[in-house]
């Protein structure tokens, strides 16, 4: 392989693996240096590759050491160090060659390896280079994904096994467990799909990207994607509570008292919220207006139930009782208790829901 072909090979690796060109050169130099030392017994040698021309040259080097060769061992004994002329040169001698040299510098001399070096080096260096490139590629992929935890990505459904779908994210595949897809949805091979990154695990041999479509963060990122007012800061999100495939409660607010955050999320003719619900396969969404007053916030969070009376029984423990009339009691609880459970998650309060009769026993008049 001539110099021109070598450079083309390097550029192909850089393009294919998407890694830094300098990393490839350093890997090549390290591998060739190792090969030369192993096969020719020249420990003070190094291989330098010209980045522009692709020319490969081998150098032997002498390390510049101090003229003061006296040294002291651990037991306090002083002795004169003997330099190895094949490896070292004193500063005074080095200055005769180059007056700018200092202790620790090296004097390099090009050497011409035997004709068989190219064959020997190629054979010996191949595995080292492959390993270095593999490490660099992995590092590059990790760098590309390490800050994606908690974010939404777009990928292509590439593979499937008994428990998982494998999503092609471009430079790596992510794992979408089947238990993390929205209940009832069908995932088709080759389809493009939005996924939420729940965890990036770089501790093992391979990078593991864990994905979900049932995580509450998936709903949060969908809102941010579909509603530009989140980016502008006109709408802020307080919290999301979700029972995937059934219902989500999304608490939003605005620091501008004249701005309607819920209206912004719904969009003109409901187009924005409809787009989000379509991605969620029809999952119901309750848009809740966040309020700093916990009583008001809890009452809002209990939607679609209305006309509720909220008592904060223990502010430190975040406990509250909600009284609902006969028309709203079942709505407050929700099917299989979902509404109450989501409201509790959203507000971070332990909620105890009581009916009209229990309110009367406690002498509490319900709001009408």
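Here are the numbers:
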read-out: Near pairs, Cβ below 6 angstrom, 6+ apart or cross-chain, from region 36-55 (in contact (Cβ under 8 Å) with a residue 40 or more places away in the chain) to any residue that is part of a loop (DSSP other than H, G, I, E, B) and surrounded by fewer than 15 Cβ atoms within 10 Å (Cβ to Cβ); value: 44/87
read-out: Whichever residue in region 243-266 is touching a strand residue (DSSP E or B) at 6+ places or on another chain (Cβ under 8 Å) and part of a loop (DSSP other than H, G, I, E, B) and, among such residues, is farthest from residue 287 (Cα to Cα); value: 255
read-out: Number of positions in region 171-205 that are farther than 21 Å from residue 242 by Cβ, out of contact with any helix residue (DSSP H, G or I) (no Cβ under 8 Å at 6 or more places or on another chain) and either modelled with pLDDT under 95 or assigned to a loop (DSSP other than H, G, I, E, B) (or both); value: 9
read-out: Given (1) at pLDDT 85 or above; (2) in the same structural domain as residue 40 (by TED's automatic domain parsing), number of the condition residue 162 does not satisfy; value: (2)
read-out: Residue list for region 308-328, filter: surrounded by fewer than 12 Cβ atoms within 10 Å (Cβ to Cβ) and either modelled with pLDDT under 90 or more than 41 Å from the chain's Cα centre (by Cα) (or both); value: 326, 327
read-out: Within region 4-114, strands (runs of 3 or more DSSP E) holding 2 or more residues that are surrounded by 14 or more Cβ atoms within 10 Å (Cβ to Cβ); value: 45-49, 56-65, 88-90, 106-111
read-out: Cβ pairs under 8 Å, 6+ apart, first in region 73-84 and at pLDDT 70 or above, second surrounded by 10 or more Cβ atoms within 10 Å (Cβ to Cβ) and part of a loop (DSSP other than H, G, I, E, B); value: 81/69; 82/69; 83/69
read-out: Residue within region 224-234 that is within 30 Å of residue 139 (Cα to Cα), surrounded by fewer than 20 Cβ atoms within 10 Å (Cβ to Cβ) and out of contact with any helix residue (DSSP H, G or I) (no Cβ under 8 Å at 6 or more places or on another chain) present; value: yes
read-out: Residue match in region 91-106 (condition: touching a strand residue (DSSP E or B) at 6+ places or on another chain (Cβ under 6 Å) and touching a residue at least 40 places away in the same chain (Cβ under 8 Å)); value: yes
read-out: Residues being at positive phi and in a loop (DSSP other than H, G, I, E, B) - total across region 267-322; value: 5
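A quick yes/no check of all residues on (1) more than 30 Å from residue 168 (Cβ to Cβ); (2) touching a residue at least 40 places away in the same chain (Cβ under 8 Å):
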residue: 210; (1), (2): no, no
residue: 213; (1), (2): no, no
residue: 216; (1), (2): no, no
residue: 229; (1), (2): yes, no
residue: 238; (1), (2): yes, yes
residue: 242; (1), (2): no, yes
residue: 267; (1), (2): yes, yes
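The values are calculated or read from the model by the stated rules, or taken from the named source; none is laboratory data. Owing to the predicted nature of the structure, the values given are computational and were not obtained by experimental measurement. We place every Cβ from the backbone using ideal geometry, glycine too, and count neighbours over all the protein chains shown.
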